[in-house]
Amino acid sequence: METKELLKKVKKIEIKTRRLSNHIFSGQYHTSFKGRGMTFSEVRQYQYGDDFRAIDWNVSARNNDAFVKIFEEERELTMMLMVDCSGSQNFGTSEQNKKDIVTEIAATLAFSATQNNDKIGLILFTDEIELFIPPKKGKSHVLRIIRELIEFHPKSQKTNVSGALEFLSSVIKKRAIVFVISDFMTSDFQKPLQIASKKHDVTGIRIYDAREKSLPNVGIIQMQDAETGELVWIDTQTSETRLAYEKNYISKVENCQNMFSKCSAGLVETETNESYVTKLLTYFKSRT
């Protein structure tokens, strides 16, 4: 992609997602994801209704008046965006494919974190770790993340969520807010998810397309696996074929939902032609 075209795309995403994060998500993000604890801020004179347990007796004795300690939430957090960039992310039958939605969601979350002065890091993964950007603050850092999400070309087309979660646990030592953005059409990753969820606040965001759920009756068609490149001919005219396709999809979705539930991790599911804004807001409000 030419530099001029890339900058134009980055700017377009920045304008859209910053508006969302400024006016909608920043407040919800702040209340949904708490700081590490409370830290001392200052003392002030006791007022009617204050908790007497907060009285600073040493300061009160020196000033012959009651003073209370004021504490503030220690807000600085780290957000890690873990983004699946395997071949299946290029699929889409609506105006936007899954990769487009993933980029917008990641950018919106990153700007929301920036509003709270939090650090943001990025892990792009397939069946290997394609790119790791350590957590850092600032708008220029967020714009770099957006550029990578738009332009990055992975070496592999396959997916391994387990390996990505294991990498996260090895490189991020302090507790972080983690968003894993993927279609999760992959094998079992419950054990590394469980380990990561005990250490971090983990939320999965599952992006899917309507056509992945069911096949239309369009006769005999050739289909290709986006991750393995395998080509197969499928007769969509038979109800048995369409039912088997749907059952396979439902099984994978239920497996994903069960793993997140068992690991006490959050899960947001949004279709490419749905409003991810509504889905994220509903999730944030449910956490508060």
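Just so it is clear, none of the values below were taken in a lab; they were calculated from the coordinates. Note that the structure is predicted; figures quoted are calculated from it, not measured. Positions of Cβ are generated from backbone atoms using ideal geometry, with glycine treated the same way; all protein chains shown enter the neighbour counts.
Database remark: amide H of GLU269 closer than 5 angstrom to the amide H of ARG206 (H placed geometrically; neighbours at sequence offset of 5 or more, or on other chains; Pro and chain starts carry no H).
In a fully extended conformation the segment linking PHE52 and LYS137 would gain 26.8 nm over its present Cα-Cα distance, using 0.36 nm per residue.
Full extension of the segment from ASN255 to ASP65, taken as 0.36 nm per residue of separation minus the current Cα-Cα distance, would add 62.2 nm.
Residues whose amide H comes within less than 5 Å of that of ARG44, counting only those at least five positions distant or on another chain, are VAL68, ILE70 (H built at 1.01 Å from N in the peptide plane). Across the options THR17, TYR245, ILE101, the greatest Cα extent toward the positive end of the charge dipole of the chain (unit charges at beta carbon of Lys, Arg, Asp, Glu) belongs to THR17.
By average Cβ neighbour count within 10 Å, what is the ranking of 62-69, 11-18 from highest down? Intermediate results must be reported in sequence, preceding the final value.
Working: 62-69: 13.8, 11-18: 15.5.
Peptide ranking by packing, descending: 11-18, 62-69.
Taking a straight line from the alpha carbon of LYS279, these aspartates and glutamates sit under 12 Å away, with near neighbours fewer than eight places off in the same chain left out: GLU269, GLU271.
In terms of distances greater than 29 angstrom between alpha carbons, the cross-link table entries LYS11/LYS137; LYS174/LYS262; LYS11/LYS174; LYS11/LYS262 yield LYS11/LYS174; LYS11/LYS262. If you run the Gaussian network model on the chain, springs between alpha carbon atoms under 10 Å, then out of ASN248, ASN22, ASN273 the most flexible one is ASN248. With a cut-off of 8 Å between alpha carbons and a minimum separation of six or more residues, what is the relative contact order of the chain in percent? In percent, rounded to a whole number, it is 18.
For segment 80-153, the square roots of the Cα gyration tensor eigenvalues, ordered a ≥ b ≥ c, give a/c of at least 1.5 with a/b no greater than b/c, which places it in the oblate category. Can you give me the angle between helix 239-262 and the longest principal axis of the chain, using Cα atoms only, in degrees from 0 to 90, rounded to the nearest 10? Tilt relative to the chain: about 20 degrees.
Residues of segment 123-146 falling in the label zone of LYS12, defined by backbone nitrogen less than 16 Å from a point 7 Å along Cα to beta-carbon, are 146.
Net charge near LYS213: determine it from the other residues with C-beta under 12 Å of the C-beta of LYS213, scoring Lys and Arg +1 and Asp and Glu -1. Mind showing how you got there, number by number?
On the way: positive: ARG211, ARG242, LYS247, LYS252; negative: ASP183, ASP209, GLU212, GLU246, GLU269, GLU271.
Spelling it out: positives minus negatives among the neighbours equals -2.
Relative to the longest principal axis of the Cα atoms of the chain, the long axis of helix 139-151 makes an angle of roughly 10 degrees.
To the nearest ten degrees, helix 3-20 and the longest principal axis of the Cα atoms of the chain are 60 degrees apart. A Förster distance of 25 Å, applied to the separation of the beta-carbon atoms of ARG19 and GLU151, puts the FRET efficiency at 0.65. Using equal-weight Cα scatterers in the Debye expression, the normalised intensity of segment 186-288 in log10 at q = 0.16, 0.23 Å⁻¹ is -0.87, -1.25. What the phi angles of segment 48-61 give under the Karplus curve with 6.51, -1.76 and 1.60, with θ = phi - 60°, is a coupling list of 4, x, 5, 6, 5, 6, 8, 5, 8, 5, 5, 5, 4, 5 Hz, glycine and proline written as x. In order along segment 200-211, the Karplus-derived 3J(HN,Hα) couplings, from 6.51 cos²θ - 1.76 cosθ + 1.60 at θ = phi - 60°, round to 10, 8, 9, 10, x, 10, 8, 9, 9, 10, 4, 6 Hz, and Gly and Pro are given as x. Here's how it looks for LYS136: its modeled amide H is under 5 Å from those of ILE120, GLY121, which are all 5 or more places away or on a different chain. Rg ratio for the chain: its Cα radius of gyration over 2.2 N^0.38 Å, N being its residue count, equals 1.21. Computed over the alpha carbons of segment 180-225, Rg followed by Dmax gives 15.9, 50 Å.
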